[in-house]
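FYI, it's all coordinate maths here, none of it is from the lab. What you are looking at is a predicted structure, and each value in this text was computed from that prediction instead of being measured. As a convention, Cβ positions derive from the backbone with ideal geometry for all residues, glycine included, and neighbour counts pool all protein chains shown.
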Amino acid sequence: MLHLHVDVRFLTRQTVLCALLPLWVHAQDVTTGWRNEFYRDPMHRGEHIAAAVQISDSDTTDSAQVTALIRCWTASRATDARFRVSGGNVALTEQTRWRFGQGAALVGQWRVAENGQAVVVPKHIEADFLRGLRSAGELFLSPGGLPEVRFDLQGSSVAIGQVQHHCGL
């Protein structure tokens, strides 16, 4: 625990900002987990796109970094759940393997995005998959034949819930 004794009579705004900036930067660096993003919908005036985003853990060097992206468009209430791969990796096949926590592994055909850099959760399992994301503690995913990655799902229920609420779902 850090204790500071400061005579506040001699502080200026610049002094306070300079003193707090390293603490704020450190807090930003260590804060990980699900976050929400909201954008204006370029196709529908006055409408928005809401998203919940999380980056996979990177425990091994052979694993690609994968970003979970759960989106909803307020104009149509359409949803989209996809996993984007980065670092020059591309999904090699539509076959994707996943499991929630200690549950059974499942394998299914997921659509590969046009550029090969994402796999999309099929609509017929999307609702169940989102329930799994919101209730499980972790997700293990092997997208499109790439090595397995792990997602910490702590906070996913709130983040995905905010997306669904924003779109009136």
Could you order the peptides 68-81, 107-120 from most to least packed, using the average number of other C-beta atoms within 10 Å per residue?
68-81, 107-120
Protection proxy ranking, peptides 136-144, 85-93, 41-49, average beta carbon neighbours within 10 Å, highest first
136-144, 85-93, 41-49
q = 0.12, 0.14, 0.25, 0.26 Å⁻¹, the range 107-168: log10 I(q)/I(0) [Debye, one scatterer per Cα]:
-0.34, -0.47, -1.20, -1.23
Please report, to one decimal in angstroms, the Kirkwood hydrodynamic radius of the range 72-157 built from all distinct Cα-Cα pairs.
13.4
Say R0 is 30 Å: what FRET efficiency, to the nearest 0.05, do residue 95 and residue 57 get from their beta-carbon distance?
0.85
